[in-house]
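I have placed the structure first, in the form of structure tokens, so that the comments after it can refer back to it.
The values are calculated or read from the model by the stated rules, or taken from the named source; none is laboratory data. Keep in mind that this is a model prediction, so the values were computed, not measured. All Cβ positions, even for glycine, are placed from backbone atoms using ideal geometry, and neighbour counts span all protein chains on display. The area values use the complete protein model at the heavy-atom level, side chains included, leaving out ligands, DNA and RNA. Shrake-Rupley method; radii C 1.70, N 1.55, O 1.52, S 1.80 Å.
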Amino acid sequence: MQEILTDKTETIVSTLLQIGDSVLEVSRDHVITRVWGKDDTLVIYPGLNISEIFNGHIITQSASRVDEAFRTGQGNYLKFTTDIGNYSITYNVRMLPIHPDNDFLFVVVENLSKKSDSGIVEDKWKKALDTAGDGMWDIDVETDKISFSDKWHEIFGYDAADIPTATFWGSKIHPADLVRANKVMDAYLAGEIPYYSVEVRYMCKDGSYKWILSNGVVFSRSGDGRPLRLVGTHTDINERKGAEEKHTASAQLLSKLINSLHSGIVVTDPNRTIIFANQRYCDMFGMEETPEDLLGTSIASGREKRMRLYKDQEQAAARVVTIIERREIVLNDEIDLIDGRVFSRDYLPLVLGDNDKGEIWKFQDITEKKNVDRRFDEQRKFYENILNQIPADIAVFDGQHKYLFVNYNAFRKKELREWMIGKTDEDYARYSNRPYSFVEQRFEIYDRAVKGRQKVEFIEKLIGKDGGEGHHLRILNPVFYENGSLEFLLAYGLDISELVLAQQAIKASADMFASAFDYSGIGMALISPGGKWLDVNNVICQLTGYTKDELLRLTLQDITYPDDLEMDLALVKRMLRKEISTYTLEKRYVSKDRKIVLASLTVSLVWNADDTPRFFIAQIQDITRRKELEKDIYRKNAELEATIGSLINKIGQLEELSHIIAHNLRGPAGNIKMLAEVLDLKIRGGAAASENALSKSLAVEKIVELIQEGSGSLIDSLSTLMEITDIKLNKEIPYVECNLAGIINDITTQLLSTIYEKHAVIKSDLQIESINYPKAYLENILYNFISNSLKYSLPDVPPEITISTARINDAIQISVKDNGLGIDLQKYGDRIFKLNQVFHYGFDSKGVGLYITKTQIESLGGKIEVKSREMEGSEFIVTI
């Protein structure tokens with residue numbers, strides 16, 4: 001009966017008949033179910049077994065090739081010849097697993113005796129292989145050229161011109177697979193294997209790698225047997241390989257679990273049918289069935305019987321449902337049984353990708369372990385409760401100095417007590433920031449007790465986190481086994497700090513002078529060796545702005561100006577080494593309101609009876625105002641000396657100038673006087689005029705002309721003298737090489753109190769580090785700019801002042817930039833450098849600083865400019 005073919009089957013068969021003479025549909029049991037053919041050269045009927053259509057040794061080969069094609073999913077072929085009359089006919093038989101139904105494959109029978117145009121046949125084969133999903137490759141061995149079918153290009157994404165040679169295509173094999181691929185090809189060409197077949201990764205055009213099954217054969221050889229042409233296929237197996245890798249990983253995990261046969265194990269498939277169980281599983285739940293009896297049964301079928309063993313059956317059943325629904329790994333899930341046993345249960349869902357592959361249940365009897373743990377825990381709690389009630393430090397150590405137990409009195413915090421178990425005193429020293437000498441002392445005493453096999457007592461001094469000293473009486477008692485080995489070391493101790501401190505207090509009271517201390521006119525303080533304030537008088541409180549209670553919570557270092565710490569510390573170390581008994585120095589402190597207080601500090605040290613330092617006695621006197629007055633006096637004296645020098649210089653210049661004026665003006669003035677007298681005679685006339693020779697020879701007009709010339713000469717002389725005066729009055733200002741960093745440092749030192757009080761930041765970017773300029777002028781200019789930046793800063797915003805230098809063309813520029821109040825240049829720009837101009841009210845300002853600065857700069861040939869935005873800051877730029 002003619003069956004209706006599906007569209008895909010019809011398409012495949014139609015393509016295959018372009019190549020072969022007959023197409024057979026063969027089932028997995030080798031039965032030919034349908035036949036299509038172009039002629040009756042080979043008569044084959046449906047219903048026959050594949051082996052029945054061939055004869056001789058071909059029978060065995062045909063059946064095995066069909067099985068191989070079904071198993072591997074890859075096509076294969078065989079060739080045979082049959083004699084008909086006086087001639088022979090050769091057939092090529094190909095098994096192709098490309099049927100739409102996986103239970104069938106196609107067998108193509110081709111009469112090679114009728115084939116004449118091999119090229120046409122090859123094209124047809126390429127089309128057939130494309131239909132089957134394989135890409136065909138064809139290599140000319142002698143030229144190294146390679147060609148591919150359309151399906152091949154579709155698999156890899158390359159164009160025809162992308163892969164010109166077989167060698168180039170070989171370079172696309174993944175480096176890890178290349179050696180294996182070459183070995184298989186060598187083995188095939190050497191005749192060791194019947195055909196070339198290897199699974200490797202090839203690089204696609206997009207740079208990714210695909211797993212490919214590469215099959216091939218030698219299509220033709222030379223007369224001497226050399227391969228001339230290789231033909232084969234590439235099949236995309238990337239998806240299959242990915243699935244195999246996931247399956248392998250799950251299989252390995254499953255194998256590991258199943259091999260743990262000391263636990264009860266049961267494995268199910270996706271339908272929750274048991275596919276494996278071990279004897280331990282059956283024994284744990286008292287089953288009569290063997291593991292073989294359970295195979296193929298539902299795991300749910302025995303649930304009710306298992307649940308009857310559980311103490312809380314309802315809860316246990318609900319827990320199983322929750323585990324299965326969540327499909328998440330569960331480990332160490334404990335189950336209490338009615339007979340007192342306790343099971344630990346693990347659950348492992350088996351999932352490959354999105355596919356459910358079943359589940360694994362593992363059960364372990366932990367009853368004995370739970371009982372031992374419970375008894376031990378009860379005993380431990382009993383003894384710990386007793387030891388925690390004892391008002392002494394108690395600890396137990398092993399032979400490696402590790403804590404086995406520590407009681408409440410030793411460490412009040414439970415978390416710390418638990419942390420200490422298994423730790424040593426070395427761990428505790430790191431935790432509590434104690435010196436290593438603490439560890440060394442304890443280890444030495446522990447070892448002494450063990451080696452001496454006797455009790456050891458000692459007093460231990462400890463420094464608390466607050467710097468206070470603690471003293472403890474320690475007693476160590478080693479306990480040994482009967483064989484003489486150490487079992488543990490019992491340590492207990494009492495806090496005797498109060499007793500020790502009371503003894504020290506008696507001695508300290510004799511050394512203290514209460515009235516002199518409390519009512520002294522200068523600051524006095526007692527300071528611990530660690531720098532903590534022990535006692536202070538009222539003057540210290542006034543000097544620092546702190547109350548006494550506040551100071552006693554601080555250390556000396558907390559209120560010391562950072563730059564002065566090392567200087568003070570060096571002297572303290574010398575005193576502790578007894579190199580000096582006292583010292584005095586000037587240092588800075590920071591008051592509570594962030595002001596810098598300059599003080600004179602004198603320190604001495606009181607020692608304990610055991611020759612350890614007890615406390616320091618510090619005498620502190622505020623010298624801030626005195627130092628400010630000294631600086632003012634120094635500055636005024638410097639200014640006065642500069643003024644005296646300038647006046648002496650200018651007096652000398654004026655004396656010299658007076659000589660020049662007398663010399664240069666005497667001639668023109670005498671001529672004018674003489675001509676004026678002659679003119680007077682001319683005007684009055686008479687005998688006097690007749691007797692004067694000059695009067696006779698000069699006319700009135702000529703006399704006037706001479707007077708005018710004399711006046712002009714006098715004016716020229718005066719102009720020249722004025723120019724000389726300007727030069728003279730300025731030429732003696734000394735130019736020196738000025739180190740800008742040093743000048744800036746001097747200025748910031750003068751302004752340090754304001755800088756510190758306002759948290760100001762002074763930055764320098766000095767591309768030009770030294771300039772030739774009058775130092776007094778440069779200091780005054782920079783002082784004016786920096787002090788203005790500090791004065792006119794924004795409220796509650798720390799001032800940031802940047803002093804920078806740079807060379808611009810042939811000139812040097814100095815910039816002082818801040819983030820202060822700024823100036824509205826649109827409003828005040830034309831008045832900024834004029835005398836008596838004030839732009840911000842509420843400040844102590846006379847409006848003369850910028851005028852003087854501009855005058856100084858311009859008197860030396862420089863210029864000044866300003867950039868400013870209100871509430872954003874200003875930048876003053878001086879060009880020299």
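Read through the list (1) part of a helix (DSSP H, G or I); (2) surrounded by 12 or more Cβ atoms within 10 Å (Cβ to Cβ), then give the number of the only condition that Ser515 fails.
(2)
Confirm whether Phe397 is hydrophobic (A, V, I, L, M, F, W, C) and under 14 Å from Tyr428 (Cβ atoms).
Considered against the rule, which asks whether it is hydrophobic (A, V, I, L, M, F, W, C) and under 14 Å from Tyr428 (Cβ atoms), Phe397 comes out as yes.
Could you check, for the stretch 529-550, whether at least one of its residues is under 30 Å from Ile445 (Cα atoms), open to solvent by 20 Å² or more (accessible area, probe 1.4 Å) and at pLDDT below 90?
For the stretch 529-550, residues under 30 Å from Ile445 (Cα atoms), open to solvent by 20 Å² or more (accessible area, probe 1.4 Å) and at pLDDT below 90: present.
Go through the stretch 421-435 and count every residue that is at pLDDT below 90 and either closer than 19 Å to Gln389 by Cβ or polar (S, T, N, Q) (or both).
2
For residues that are within 49 Å of the chain's Cα centre (by Cα) and over 18 Å from Tyr492 (Cβ atoms), scanning just the stretch 444-460, find the one that is surrounded by the most Cβ atoms within 10 Å (Cβ to Cβ).
Asp447
For the stretch 586-603, give me each residue that is crowded, with 16+ Cβ neighbours inside 10 Å and not hydroxyl-bearing (Ser, Thr, Tyr).
Matches in the stretch 586-603: Lys587, Arg588, Val590, Ile596, Val597, Leu598, Ala599, Leu601, Val603.
Looking at Asp824, Asp796, Asp818, which is the one that is in contact with a strand residue (DSSP E or B) (Cβ under 6 Å, 6 or more places away or on another chain), within 23 Å of Val838 (Cα to Cα) and open to solvent by 10 Å² or more (accessible area, probe 1.4 Å)?
Asp818
Return only the number of the condition from (1) in contact with a Leu (Cβ under 8 Å, 6 or more places away or on another chain); (2) at pLDDT below 90; (3) assigned to a helix (DSSP H, G or I); (4) open to solvent by less than 30 Å² (accessible area, probe 1.4 Å) that Gly847 does not satisfy.
Condition (3) is where Gly847 drops out.
Among the numbered criteria (1) more than 47 Å from the chain's Cα centre (by Cα); (2) aliphatic (A, V, I, L, M); (3) assigned to a strand (DSSP E or B), which one does Leu387 miss?
(3) is the only condition that Leu387 fails.
Going by the structure shown, is Ser581 surrounded by fewer than 13 Cβ atoms within 10 Å (Cβ to Cβ), touching a helix residue (DSSP H, G or I) at 6+ places or on another chain (Cβ under 8 Å) and in contact (Cβ under 8 Å) with a residue 24 or more places away in the chain?
Judged against the criteria, Ser581 is a match.
Of these, Asp818, Asp830, Asp810, which one is of a type in the set (Asp, Glu) and closer than 20 Å to Glu757 by Cβ?
Being of a type in the set (Asp, Glu) and closer than 20 Å to Glu757 by Cβ holds for just one of Asp818, Asp830, Asp810, which is Asp818.
For the stretch 382-412, enumerate the residues that are surrounded by fewer than 10 Cβ atoms within 10 Å (Cβ to Cβ) and of a type in the set (Lys, Arg).
Listed by number, the list holds a single entry, Arg412.
Taking helices (runs of 4 or more DSSP H) that do not extend beyond the stretch 742-842, which have at least 1 residues that are farther than 30 Å from Ala638 by Cβ?
825-828
Criterion first (surrounded by fewer than 19 Cβ atoms within 10 Å (Cβ to Cβ) and farther than 26 Å from His759 by Cβ) does Glu858 satisfy it? Talk me through it step by step, then tell me what you get.
Numbers: surrounded by fewer than 19 Cβ atoms within 10 Å (Cβ to Cβ): yes; farther than 26 Å from His759 by Cβ: yes.
Considered against the rule, which asks whether it is surrounded by fewer than 19 Cβ atoms within 10 Å (Cβ to Cβ) and farther than 26 Å from His759 by Cβ, Glu858 comes out as yes.
Touching a Phe, Trp or Tyr at 6+ places or on another chain (Cβ under 9 Å) and at pLDDT 75 or above: which single residue out of Asn772, Asn745, Asn739 fits that description?
Asn772
Which of (1) part of a helix (DSSP H, G or I); (2) surrounded by 16 or more Cβ atoms within 10 Å (Cβ to Cβ) does Arg574 not meet, given it meets every other one?
Single failed check for Arg574: (2).
List every residue pair whose Cβ atoms lie under 7 Å apart, where the two residues are 6 or more positions apart in sequence or sit on different chains, the first residue falls within the stretch 848-876 and is of a type in the set (D, E, K, R), and the second residue, located anywhere, is assigned to a loop (DSSP other than H, G, I, E, B).
Pairs that qualify, where the first residue is of a type in the set (D, E, K, R) and the partner is assigned to a loop (DSSP other than H, G, I, E, B), are Lys854/Phe833; Arg869/Gly822; Glu870/Gly822; Glu870/Ile823; Glu870/Asp824; Glu872/Gly822.
Take Gln400 and decide whether it is assigned to a loop (DSSP other than H, G, I, E, B), of a type in the set (S, T, N, Q) and over 36 Å from the mean Cα position of the chain (by Cα).
Taking the combined requirement at face value, the residue satisfies it.
How many of the residues making up the stretch 461-494 are among the acidic types (Asp, Glu) and crowded, with 16+ Cβ neighbours inside 10 Å? If you could, list the steps in order and put the result at the bottom.
From the stretch 461-494, those among the acidic types (Asp, Glu) are 466, 469, 482, 487; that's our starting set.
Imposing the further condition that a residue be crowded, with 16+ Cβ neighbours inside 10 Å reduces the set to 469.
Residues that pass the stated criteria total 1.
Quick check on my filter: what residues within the stretch 298-329 are open to solvent by less than 40 Å² (accessible area, probe 1.4 Å), closer than 16 Å to Ser344 by Cα and touching a residue at least 24 places away in the same chain (Cβ under 8 Å)?
Those that are open to solvent by less than 40 Å² (accessible area, probe 1.4 Å), closer than 16 Å to Ser344 by Cα and touching a residue at least 24 places away in the same chain (Cβ under 8 Å): Tyr310, Ile323.
Need pairs with beta-carbon distance below 8 Å; first residue modelled with pLDDT of 75 or more and within the stretch 93-115, second assigned to a strand (DSSP E or B) and small (Gly, Ala, Ser); sequence gap 6+ or separate chains.
Asp103/Ser27; Phe104/Ser27; Val108/Ser22; Val109/Ser22
Take the residues in the stretch 340-358 that are in contact with a helix residue (DSSP H, G or I) (Cβ under 8 Å, 6 or more places away or on another chain) and closer than 21 Å to Phe285 by Cβ, then tell me which one is surrounded by the fewest Cβ atoms within 10 Å (Cβ to Cβ).
Restricting to residues being in contact with a helix residue (DSSP H, G or I) (Cβ under 8 Å, 6 or more places away or on another chain) and closer than 21 Å to Phe285 by Cβ, the top hit is Gly340.
Given (1) in a loop (DSSP other than H, G, I, E, B); (2) touching a residue at least 40 places away in the same chain (Cβ under 8 Å), identify the lone condition not met by Met524.
Failing condition for Met524: (1).
Considering only the stretch 226-242, how many residues are over 48 Å from the mean Cα position of the chain (by Cα) and of a type in the set (Ser, Thr, Tyr)?
Here the count works out to 1.
If I go through the stretch 313-370 residue by residue, how many of them are in a helix (DSSP H, G or I), within 22 Å of Ser298 (Cα to Cα) and not acidic (Asp, Glu)?
The qualifying residues number 12.
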